[in-house]
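These notes are about the structure you will find just below.
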Amino acid sequence: MRRLLLSLVLAATVALGATAAASATSFTNTVLRAPFTLPPGFSSSPANQSGDSEPGIDFGGPGHTMAVDGLGWLPFAVNLWKGHFGDTPPAFFGPMDTLLPIQGKGRTNLGDGDADVEVTSAGTILLADLDIIFSGGP
């Protein structure tokens, strides 16, 4: 009786394993890099590209719009890609917050402190970002 029960459990386990293996999906990871030309004397690998960290992704809208953001390494900007669910890769939309106006003598304003992207139900892309302000003196 024990052998019969053990055989049934083993057969059920093998059948479940075969079903799981047959329905397994594959996964790929496409690295998104923004085009960027460095000043003379500097280089990047791959050449003329800016990497990204802390990526964010959101989907929404009637056309399954997809937005991907990442904090650019160089320059100080949030890079944004736009596409539709399933696009590999999405199209590069551009660097955001590259020319930030600021009031006051000796101040420098840099984008890219942090970011979050959202696609509304209407398909509008919203980007919230943290800008860093350095003050050079009184």
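The values are calculated or read from the model by the stated rules, or taken from the named source; none is laboratory data. Computed from a predicted structure; not experimentally measured. Note that we place each Cβ from the backbone using ideal geometry, even for glycine, and neighbour counts take in every protein chain shown. Accessible surface is based on the protein model in full, side chains and every heavy atom, while ligands, DNA and RNA are left aside. Shrake-Rupley method; radii C 1.70, N 1.55, O 1.52, S 1.80 Å.
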Exercise for review: Specify the residue that is modelled with the lowest pLDDT; the eligible residues are those in the stretch 27-36 that are of a type in the set (A, V, I, L, M, F, W, C) and in a loop (DSSP other than H, G, I, E, B).
Suggested key: Phe27
Revision key, fill the gap. Inside the stretch 113-128, the number of residues satisfying the requirement of being within 14 Å of the chain's Cα centre (by Cα) and not aliphatic (A, V, I, L, M) is 3
Check your understanding: Out of curiosity, is Ala128 without any contact (Cβ under 8 Å) to a residue 24 or more places away in the chain and open to solvent by 50 Å² or more (accessible area, probe 1.4 Å)?
Key -> yes
